[in-house]
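Q: The structure that follows is given in the form of structure tokens.
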Amino acid sequence: MSEKSQGDEAAKPSTTVPGTVKKIIQSPDPKEPEKAEIVLHEGDPLYREIRIENKFKDETGEEVGLKPGAEVDVIVAADAKDTVKKQDKR
């Protein structure tokens, strides 16, 4: 999980996809972290769910986790060198 500042991502081409936390998955191994399963509202039917480590920091630096049903924004950002200009479709 990246802990970059908001300014690091601001200059990168990006998109935001809304999602909802479907469930929290406990690991059978106590050494492994729990996962949050997120359903992407705009994803293709077979590719809507993603799982990420359920570990975040709030504004005070305290460790927190997502709850089932939470509405989230998934941000995808890339370096400009890793993108190509799209052609207009007419």
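Values quoted throughout were computed directly from the atomic coordinates according to the rules given, and no laboratory measurement underlies them. All values reported here derive from a predicted model rather than from experimental measurement. Here the Cβ is made from the backbone with ideal geometry for all residues, glycine too, and neighbour counts use every protein chain on show.
Q: Using only the Cα atoms of the chain, what semi-axes does the equivalent ellipsoid have when each is the square root of 5 times a gyration tensor eigenvalue? Give whole Å, largest first. Working shown, then result.
A: On the way: eigenvalues 152, 70, 28 Å².
For the chain, the semi-axes come out at 28, 19, 12 Å.
Q: On full extension of the chain, what length is gained from Ile24 through Ala11, given 0.36 nm per residue of separation minus the C-alpha to C-alpha distance? Walk me through the intermediate numbers first.
A: Working: separation 13, 0.36 × 13 = 4.68 nm, distance 3.24 nm.
Additional length available on full extension: 1.4 nm.
Q: Lys and Arg at +1, Asp and Glu at -1: add these up for the other residues within a Cβ distance under 13 Å of Leu40 and post the number.
A: Values: positive: Lys22, Arg48, Arg51; negative: Glu37, Glu42, Asp44, Glu49, Glu71, Asp73.
Net charge around Leu40: -3.
Q: Right, next: In the structure shown, do any of Lys57/Lys86; Lys22/Lys81; Lys12/Lys67; Lys55/Lys86; Lys31/Lys57; Lys57/Lys81 have a Cα-Cα gap over 25 Å, and if so which? Mind dumping the intermediate values first?
A: Numbers: Lys57/Lys86 36 Å; Lys22/Lys81 34 Å; Lys12/Lys67 29 Å; Lys55/Lys86 35 Å; Lys31/Lys57 20 Å; Lys57/Lys81 30 Å.
Distance filter (> 25 Å) returns Lys57/Lys86; Lys22/Lys81; Lys12/Lys67; Lys55/Lys86; Lys57/Lys81.
Q: Please work out how much length the chain gains when fully extended from Glu71 to Glu34, using 0.36 nm per residue of separation minus the C-alpha to C-alpha distance, in nm with one decimal.
A: On the way: separation 37, 0.36 × 37 = 13.32 nm, distance 1.84 nm.
Extra length available between Glu71 and Glu34 comes to 11.5 nm.
Q: If you don't mind, there's one more thing I want to ask. Per the helix-only calculation at 222 nm, which mean residue ellipticity applies to the chain, given -39500 (n - 2.57) for every DSSP H run of n ≥ 4 and division by its residues, nearest 500 deg cm²/dmol? List each step's numbers first, then the result.
A: Working: 1 runs with 5 residues, N = 90.
Rounded to the nearest 500, the figure is -1000 deg cm²/dmol.
Q: Still on this model: Using the per-residue mean of other Cβ atoms lying within 10 Å as a proxy for protection, in what order, highest first, do the peptides 59-65, 11-17 fall? If you can, show how the numbers build up before the last one.
A: Working: 59-65: 8.3, 11-17: 11.7.
My ranking of the peptides, most packed first, is 11-17, 59-65.
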